[in-house]
Amino acid sequence: MTLFTIAPVGTCRIHTPLRRGAGRYPVLPVLARNYGFVHTSTEALQQLQFMFGKKDIPADVRTLTFRPGSAESFEKKPWPGADLYLVEISSRKLLSVDDHPIQMNYMVRHFGDFFADKKRTRQFWSMASPSRMAERREWLEQDFAFQRLAQADRDLLARIQRRDLKDAEIAAEMEQIAAMVGKDHLAFVTHVNADTPDNMPVEQRRELINTVVAIAKRMNVPCYDPTALMRKLGQANAMENGGLDLTHYTDLFSDQLCEAWYTGFVVPRVDTSEIQAPGKTEAVQHEDTAESLEAAWNAGRVLEVSQRLHAILRHGEGSRQHQLLLGRVQYELGDFEGAAAQFESFGAEPEFDEKTNLRLTQCYFETGRYEQAAQLAAALIADEHEAPAVLRICAESASKLGDTATALATWKRLFRVSTDTADASVAATAVIRLLEASGDAEGTIQWAHEVREVQPAHAPSFLALWDRALAASDRAALLELARETVEMGEAEILALAQRTAERGFATPAALLVVTQGLTRNNGKESTEWIARRATAWLDEGNAALTAGDMLQAADKIQARAQLNANGNALIRARRQLERQMRQDVRAALIAREYERAAGVLAIASQTLTTFPELASFRIRVAEALDDIGTALVYLRDASPLDDIAEGTWIKLARMAVRSGYYGEAIDAYARVLNSPSSDPALRIEAKRQILGLRSRAIRLAREAHRAGDYERAWALLERLQQLDPDNKEVSQEKKRVLAGLHAKVKSLDAANDVDRLSLGETILRLAPEDAVGLKAAATGAMRTHRFDQALKYWQALRTLSASPELIDGNIQKCRIFIDRARRKKAA
């Protein structure tokens, strides 16, 4: 029987059903000169023009258009034509370079490091219009991730533009597609109108589906909307992850889609004598169908299935599905060589579905055929099948083959997409090792920071930052790290502390062993080292103090104090150290040698040394050196500074005003104004200054609001309202800030759930009972599958709602999904 050829132009939503259906129906997907997945009508048109040889794509643009890993030879093949062109249009967001449409997912993967940062990503796309290209390039040139790109990639990234296609443009391009392939050989397919977890449609998707269906109807061209079939089957059965994944189809849904397309598009186009009646995917015609045997295998009837399956194949009665099942059986029994041979028996281009390709990839990897494993894994990733197992095989195979660039990119991708902490940790560690091996010090540090935002206790990242601080003699950074817990064993912590102490950084070493609990452990080696160091550090500190070496004295004495703050000898040493520091600072201040005084105070900070006058000294030095940074530290955290004189607060306030920090200045003046013991003259000045700063602070709040810094604007207004609760102007400005945030929530792209959650949480930090903020946070959390968070927000919103029953459904759904996740984790 002649196979009916179908050319899919779209995403996995049409490719996968056709691949799976190729073994059941007399259809053949034609992929010659098909360079990858496409989403918009513009991309689909370009894909067809390229397939027909009517358009070429520049080499640099191909990086963001062609499926990663595409062989150069594929475009040399002539286009054989097809009986039917199945063209999917699933988006109106057009990305382009020099008027050539590019593919969003390929682009994001290619520039993975750049788009890993959400704030940078938002800034990039906010300037993606033609009128802002020059402005964006100027901003890009200052960005670290952009600077690390190769020159060709920098030029490519800087030329990317984004806009939404209008209905008229989509219609015109659909007409061009029809003119190229012929209406009799064309059928359009839309996205599926799946609902979010809170039972809401993705509005922009629904609008596009309706648009494409209406245009196709006017053109008199068939158009298939899979929504009705999805509803019939049930979203939980049709969409991956129990219906939570709104993009990818289950195998069951893919099979039924192919059946629907075969019935609706293929059967009417072929001679009735050649029609193969489609069997229902769930039907069982006799007990030894591939479906019945697979069901028995899934039920654990291993020996029975193996015997029956081999018997069928020995007698030559087996179908393609029986042969695939044999490959699966061999794979799951650990016969990777046999399974690979079975799958390879289908030929060079067998068009397997995702699960079969994944099994073959695993077989190649387990049998040491890393080149084939890497190639097949890369192909799966290029087709947007980014299962953790695929990414890991691709990364490990690339490493074994010496392909560091691919290994790095894939490990990073696994870390960024994985929801499994263990997988993410392995990937993060692999990246650290590769970057360190390549000598990329800056890349290592940047990666360590990215990892610790997600996994603060990740040991290799901690070590990378520690070693960097140690090499730079950055005591402040070492102390900051030493305060944090890290997932390291006792022996590793001890070795790091020993190495740090040997380099002359006793206080960070001591703080590290205390934070990690080594002083509470009974390990012999740790206990003995701590005891030896405690005695030696105190002796060495006293000797350094006698010799006038303030840094070494403070470092050693304070290290001893971290280990055990008790002991008369230590108390005497600390008192002498503090007395000497005070004397040195006073002498420098009297001599107006403020830099010398700052140096002594820096030693105190770097060794955790404190004494009563320390804060006062620092403020005096900061004032003398006009060090606004130090001044702001005290202005923003004045809780431990009750002993500072009002005159000093006035000086700090003046510094803040000169530097434009009006909120902090108001806090300092208010402290003087509200102190009953303040000098009357100082209180008068404070009141006068607050009145003068009010208009400036409001103006600054407005500027912050316009710049999108809502929290800064709110903080300024909160300060003013605390001083004058009845001030109508301040109340009005606060309402404007909330209104601006509400408007921003309303203007969000319907699919932008991450930003919806972020905006909702921003609103709630300002106004914890704001209904708009609660709904945005609840919706965003639910749609990004953070059901624990969503439940908390829905419950809070319910107490404010006039119709709580409307919220109860979402509360119940959250509880169901939370329970499902717990059961899955327990299993």
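Nothing in this text is a laboratory measurement; each read-out follows from the coordinates by a stated rule. Bear in mind that the values here come from a model prediction, so they are computed numbers and not experimental data. Virtual Cβ from ideal backbone geometry, glycine too; neighbours counted across all protein chains shown.
Measuring against 18 Å, Cα to Cα, the residue pairs LYS55/LYS77; LYS744/LYS775; LYS355/LYS813; LYS93/LYS166; LYS183/LYS217 contain LYS355/LYS813 as the ones spanning a longer distance. Restricting the stretch 135-199 to GluC sites (Glu not before Pro) that sit in a DSSP loop and have at most 15 other Cβ atoms within 10 Å of their own Cβ leaves GLU141. For the stretch 590-600, putting each phi into the Karplus relation 6.51 cos²θ - 1.76 cosθ + 1.60 with θ = phi - 60° gives couplings of 4, 7, 6, 9, 5, 5, 5, 4, 4, x, 5 Hz, in residue order, rounded to whole numbers and with x for Gly and Pro. For MET239, the residues whose modelled amide H falls within less than 5 Å of its own, excluding neighbours fewer than 5 places apart on the same chain, are THR250.
Loop-located trypsin sites (Lys or Arg not before Pro) across the stretch 443-495 with a Cβ neighbour count of 14 or fewer within 10 Å are ARG483, with loop assigned by DSSP.
Given a cut-off of under 8 Å on Cα pairs at least six residues apart, what relative contact order in percent is computed for the stretch 637-720?
On the way: 72 pairs, mean separation 20.7, N = 84.
With pairs under 8 Å counted, the relative contact order is 25 percent.
Find, to one decimal place in angstroms, the Kirkwood hydrodynamic radius of the stretch 441-571, where the mean of 1/r is taken over every pair of different Cα atoms and then inverted. Write out the running numbers ahead of the final one.
Numbers: mean 1/r = 0.0659 Å⁻¹.
When all Cα pairs of the stretch 441-571 are included, the Kirkwood radius is 15.2 Å.
The modelled label-to-label distance between SER801 and LYS77, using points 7 Å beyond Cα along the C-beta direction, is 5.3 nm. For the peptides 156-168, 15-27, the ranking by packing is 15-27, 156-168, with the highest mean count of neighbouring Cβ atoms within 10 Å listed first. Computed from phi, the 3J(HN,Hα) profile of the stretch 536-541 under the Karplus parametrisation 6.51, -1.76, 1.60 (θ = phi - 60°) reads 5, 5, 5, 5, 5, x Hz, with x in place of Gly and Pro. Of all aspartates and glutamates in the structure, the ones whose alpha carbon falls short of 13 Å from that of LYS556, not counting any fewer than 8 places away in one chain, are GLU502, ASP539, GLU540. Database remark: amide H of LEU28 closer than 5 angstrom to the amide H of PHE4, THR5, ILE6 (H placed geometrically; neighbours at sequence offset of 5 or more, or on other chains; Pro and chain starts carry no H). Close amide H pairs (under 5 Å, H built 1.01 Å from N) link TYR85 with ALA7, LEU186, ALA187, residues at least 5 positions away or on another chain.
Based on the mean of other Cβ atoms within 10 Å per residue, sort peptides 376-384, 780-788, 430-438 so the most packed one is first.
On the way: 376-384: 22.2, 780-788: 20.7, 430-438: 18.7.
For the peptides 376-384, 780-788, 430-438, the packing ranking is 376-384, 780-788, 430-438.
Taking the stretch 83-105 and a reference point 7 angstrom along Cα→Cβ of ARG132, the backbone N atoms nearer than 20 Å belong to 92-99, 102, 104. Phi-derived couplings, Karplus 6.51 cos²θ - 1.76 cosθ + 1.60 at θ = phi - 60°, listed residue by residue for the stretch 743-758: 5, 5, 4, 5, 7, 4, 3, 4, 8, 8, 6, 5, 5, 4, 5, 4 Hz, with x used for Gly and Pro.
Over the stretch 752-826, what relative contact order in percent results from Cα pairs under 8 Å that are six or more residues apart?
On the way: 86 pairs, mean separation 18.6, N = 75.
Relative contact order for the stretch 752-826 comes out at 25 percent.
Sorting the segments 43-53, 196-206, 388-398 by their residues' average number of neighbouring beta-carbon atoms within 10 angstrom, most packed first, yields 388-398, 43-53, 196-206. Projecting label points 7 angstrom from Cα along Cα→Cβ for ASP819 and HIS185 puts them 5.5 nm apart.
Estimated at 0.36 nm per residue, the fully extended path between ALA491 and GLU595 surpasses their Cα-Cα distance by 33.3 nm.
Relative contact order for the chain: 6 percent, from Cα pairs under 8 Å spaced at least 6 residues apart, divided by residue count. Inter-label distance, GLU344 to ARG699: 7.8 nm, where each label sits 7 Å from its Cα along the C-beta direction. For the chain, the mean residue ellipticity at 222 nm estimated from helices alone is -20000 deg cm²/dmol, where every DSSP H run of n ≥ 4 contributes -39500 (n - 2.57) and the total is divided by all residues, rounded to the nearest 500.
Can you tell me what percent of all Cα-Cα pairs in the stretch 752-826 are more than 14 Å apart? Percentage above 14 Å: 57.
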